[in-house]
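Engineer: Input: one structure, supplied below.
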Amino acid sequence: TGCMQPSLSLAAYDGSFAAGLREAAALAWAEQARVLLVAYDLPLPAPMAEHRKIVAPFGVALLLNPALPVNRLALLRLASGGDEPADRLDDAGLERLRAGNPAARSLPLLCAMAQKAAKRVILSAGDSATLSVEVAP
């Protein structure tokens, strides 16, 4: 795209999406600038695939804007999730994808945003940590 803005790469195993969301939100707020969060994971080649299985490719991108644009998709408020378990999905296929691809751990948040209703989502942030995201349309 020819973008010359700074970028940051972050990896946090199964908590990578939540860690990236937290980092991107903090950066957007601190800099009062829009931040593009992109997360993706692909199945690994052999022999790494024997040690880390990714069930399918998955990618997601969110543009975080600290301003309150009129045409926003959702307003997100982040907080530590405490000891609450991460949200799971009712659809078996989507849940398999969510559990089998770290970037797909974003699916509960994407579903909440698509429903356009106020909802609280708990995302896996790695190990037993979670990230709470309040979604308001």
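Engineer: Starting from the Cα of Asn65, step 7 Å toward the Cβ, then list every residue of the stretch 23-39 with an amide N under 15 Å from that point.
Structural biologist: Hits in the stretch 23-39 for Asn65 at 15 Å: 28-29, 32-37.
Engineer: With a probe of 1.4 Å, find how much accessible area the stretch 1-106 has per residue, and write the answer as a whole number in Å². Mind dumping the intermediate values first?
Structural biologist: On the way: 7360 Å² over 106 residues.
For the stretch 1-106, the per-residue accessible area is 69 Å².
Engineer: OK, next. Provide the descending list of Cα extents for the chain along its principal axes, expressed in whole angstroms.
Structural biologist: 46, 38, 25
Engineer: Pick out, from Pro69, Val133, Ser9, the residue whose Cα sits farthest towards the positive end of the charge dipole of the chain, with +1 on the Cβ of Lys and Arg and -1 on the Cβ of Asp and Glu.
Structural biologist: Of the listed residues, the answer is Pro69.
Engineer: Kindly sort Glu23, Glu50 by accessible area of their heavy atoms, largest first, with the probe set to 1.4 Å. Don't skip to the end; give the middle numbers.
Structural biologist: On the way: Glu23 85, Glu50 145 Å².
So the residues, ranked largest to smallest area, are Glu50, Glu23.
Engineer: Further question on the same structure: What's the angle, to the nearest 10 degrees (0 to 90), between helix 16-31's Cα axis and the longest principal axis of the chain?
Structural biologist: 20
Engineer: Sticking with this one: Under a Cβ-only charge scheme (Lys and Arg +1, Asp and Glu -1), can you give me the dipole magnitude of the chain about the Cα centre, in debye to the nearest 20? Please report the intermediate quantities before stating the final value.
Structural biologist: Numbers: 13 positive and 13 negative charges, 73 e Å.
Result for the chain is approximately 360 debye, rounded to the nearest 20.
Engineer: Using a basic spin-label model with each label point 7 Å from the Cα along Cα→Cβ, how many nm lie between Glu84 and Ala26?
Structural biologist: 2.1
Engineer: Counting alpha carbon pairs within less than 8 Å and at least 6 residues apart, what relative contact order, in whole percent, applies to the chain? Write down the numbers at each step before the final one.
Structural biologist: On the way: 244 pairs, mean separation 39.1, N = 137.
Across the chain, relative contact order equals 29 percent.
Engineer: Let me ask you something else. In whole percent, and with a 1.4 Å probe on the protein chains, what portion of the accessible area of the stretch 95-137 is carbon and sulfur? Display every interim value, and only then the final one.
Structural biologist: Details: 890 of 1740 Å².
Whole-percent figure for carbon plus sulfur exposure: 51.
The values are calculated or read from the model by the stated rules, or taken from the named source; none is laboratory data. This one's a predicted model, so the numbers in the text were calculated from it and none came from an experiment. Reconstructed Cβ throughout: ideal geometry from the backbone, glycine too, with neighbour counts over all protein chains shown. Surface accessibility is based on the protein's heavy atoms, side chains included, excluding ligands, DNA and RNA. Shrake-Rupley method; radii C 1.70, N 1.55, O 1.52, S 1.80 Å.
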